[in-house]
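The next block holds one structure in the form of structure tokens; read it before the comments.
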Amino acid sequence: MKNILITGGAGFIGCHVVKLFVEKYPNYHIINLDLLTYAGNLENLSAIEHSENYTFIKGDICDRGLIKEIFKKYAIEAVIHLAAESHVDRSITNPFEFANTNIMGTLTLLNQAKESWKNNFEDKLFYHISTDEVFGSLGDEGFFLEDTPYDPKSPYSASKASSDHFVRAYQNTYGLPAIITNCSNNYGPNQFPEKLIPLFINNIKNNKPLPVYGEGLNIRDWLFVEDHARAIDVVFHKGTIGDTYNIGGFNEWKNIDLIKVICKVMDTKLGREEGTSEKLITYVTDRAGHDMRYAIDSTKLKDNLGWEPSLQFEEGIEKTISWYLDNEAWLHNIVTGDYKDYYKKQYAAD
Ligand code: NAD
Ligand code: TYD
């Protein structure tokens, strides 16, 4: 058995990575460490929670004592680090929380990995999951490449950039075997409905206004979450130590155009007259420091490791909308806050 620590596995992307690894690799023991902040939801993992090769631990990546204990108790050989505060709007109101979790939490994990593995780095890996937002904002032309200089512009991206720098510093200074991937915006099942796509699906369903920031002209590059999980699988197994890879699907959308697609699909699925959902669009004050355009060039990942997205956007968005409509209870439990009780019920905890 190979013991792999995955952090943030109860969150949006983390739950897809945990499910993929637990199901695909019965010879891996997956230890999922998650603090279950507002963004962590164990219902996301109900399909695999009783698997023999899976252990859940509720805890904080900043808790040095706990991290030391986990590395020792489970003889951790690899880390896939996803735990983070991830919402830009929240980072604008509470930057300290982002610095603490994203920087100090990453540093805590890096340092323990270094301490635990320092006598033998062979076959060890610290795999850090990062974002394209560290590169800043693009104009009309060009793409983010792996060697694009970092230029973070929000407290969220600044904290992620800092954590990436610490990973490289540990690699360079102590020889810690590490890999970083920087991915574009993810969409798909299980995303907390504060982010654009699930928020708008939920609002349309409930006939609530759709708050479009500014003029809706900002551009994001969207990737289906299961394709990101597949990329993480590929990089974990085939990536070169010390390297970084960009992950994206060459799928840029202006916010307002994307929103109109969501409105159209929702009208069809809800049996509403075409144009009904678009009437909910409400332009609101722009996000402070709103990055204009993100676009990832993932050619290196394709050429070196053979990864490509499997889903076209039209299929992905259709699948995503169906998932939120079919999983009413999941959405309802989040909106009401009932998802917080899942841990108590399933794990008989306080
Ligand atoms: P998320 O907010 O949905 O989930 C984050 C998870 O981390 C939650 O389960 C939360 O409980 C947990 N967590 C938070 N603080 C913790 C702490 N101190 N200790 C332990 N667990 C803690 O985030 P996500 O969208 O799934 O993103 C996962 C990772 O991928 C993040 O590192 C993010 O920066 C990165 N990323 C996200 C996107 C995206 O579009 N969502 C794109 C590129 C990269
Ligand atoms: P978001 O899902 O928060 O991801 P990120 O800011 O990390 O890219 O937002 C995606 C885009 O949608 C971004 O340009 C901000 C915009 N947006 C809105 O217009 N209205 C909203 O209510 C939200 C949450 C986002």
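Normalising by residue count, the chain has a Cα convex hull of 132 Å³ per residue.
For the range 82-216, the solvent-accessible area of protein heavy atoms averages 40 Å² per residue (probe radius 1.4 Å; ligands and nucleic acids excluded).
Distant-in-sequence amide contacts of G9, defined by a placed amide H-H separation under 5 Å and a gap of 5 or more residues or a different chain, comprise L33.
Under Stokes-Einstein, with the Kirkwood radius over Cα pairs standing in for Rh, what whole-number D in µm²/s applies to the range 137-200 at 25 °C and 0.890 mPa s? Rounded, D is 170 µm²/s. For helix 12-24, report the angle its Cα long axis makes with the longest principal axis of the Cα atoms of the chain; keep it between 0 and 90° and round to the nearest 10°. Roughly 60 degrees between the two axes. For the peptides 228-239, 168-179, residues were scored by their other Cβ atoms within 10 Å and the scores averaged per peptide; the highest-first order is 228-239, 168-179. Summary of packing: across the peptides 274-284, 189-199, 79-89, the per-residue average of other C-beta atoms within 10 Å ranks them, highest first, as 79-89, 189-199, 274-284. Amide H to amide H distances under 5 Å link W307 with K302, where only residues 5 or more positions off or on other chains count and H is placed in the peptide plane. Using a cut-off of 27 Å between Cα atoms, the listed pairs K208/K260; K153/K205; K58/K114; K195/K279; K160/K254; K269/K300 include K153/K205; K269/K300 as exceeding that distance. Taken over the range 1-156, the percentage of Cα pairs per 5 Å bin, counting from 0 up to the bin with the maximum distance, is 2, 9, 17, 20, 18, 15, 11, 6, 2, 1, 0. Estimated from helical segments only, the mean residue ellipticity of the chain at 222 nm is -12500 deg cm²/dmol, where each DSSP H run of four or more residues counts as -39500 (n - 2.57).
Near the amide H of Y28, within less than 5 Å, lie the amide hydrogens of K2, all on another chain or at least 5 residues away, with H placed in the peptide plane. On alpha-carbon atoms, Rg over Rh for the range 153-240 using Kirkwood Rh? Ratio of gyration radius to Kirkwood radius for the range 153-240: 1.08. Once the Cα atoms of helix 64-73 and of the chain are each reduced to a long axis, what angle between those two axes, in degrees from 0 to 90 to the nearest 10, is obtained? Its long axis makes an angle of about 70 degrees. Report note on the peptides 157-163, 96-102, 247-253: ranked by the mean count of other C-beta atoms within 10 Å, highest first, their order is 157-163, 247-253, 96-102. Spacing of the modelled spin labels on K264 and K302, each 7 Å from Cα toward Cβ, amounts to 2.5 nm. Charge dipole of the range 179-316 (Cα centre as origin; +1 on each Lys and Arg Cβ, -1 on each Asp and Glu Cβ, all else neutral): 340 debye, rounded to the nearest 20. Note: the range 305-350, Cα convex hull, 130 Å³ per residue. Spacing of the modelled spin labels on D89 and E122, each 7 Å from Cα toward Cβ, amounts to 5.2 nm. Put a plus charge on the Cβ of each Lys and Arg, a minus charge on the Cβ of each Asp and Glu, and nothing anywhere else: the dipole of the chain about its Cα centre is then about 780 debye. Coupling constants for the range 138-148 follow from the phi torsions by the Karplus curve (6.51 cos²θ - 1.76 cosθ + 1.60, θ = phi - 60°), and in residue order they are 8, x, 5, 10, x, 9, 7, 10, 4, 9, 5 Hz; glycine and proline get x. Note on the range 217-350: Rg/Rh from Cα positions, Kirkwood definition for Rh, rounded to two decimals, is 1.05.
Coupling constants for the range 328-340 follow from the phi torsions by the Karplus curve (6.51 cos²θ - 1.76 cosθ + 1.60, θ = phi - 60°), and in residue order they are 4, 5, 4, 5, 4, 5, 6, 4, 8, x, 5, 4, 5 Hz; glycine and proline get x. Using a simple spin-label model with pseudo-atoms 7 Å out from Cα toward Cβ, K345 and T282 lie 3.2 nm apart. Based on Cα contacts under 8 Å between residues 6+ apart, the range 1-147 shows a relative contact order of 24 percent.
The values are calculated or read from the model by the stated rules, or taken from the named source; none is laboratory data. Computed from a prediction, not measured in an experiment: that's the story for all the values here. When we count neighbours, we look across all protein chains shown, and the Cβ atoms used for this are built from the backbone with ideal geometry, even at glycine. Note: accessible area is taken over every heavy atom of the protein model, side chains too, but ligands, DNA and RNA are not part of it. Shrake-Rupley method; radii C 1.70, N 1.55, O 1.52, S 1.80 Å.
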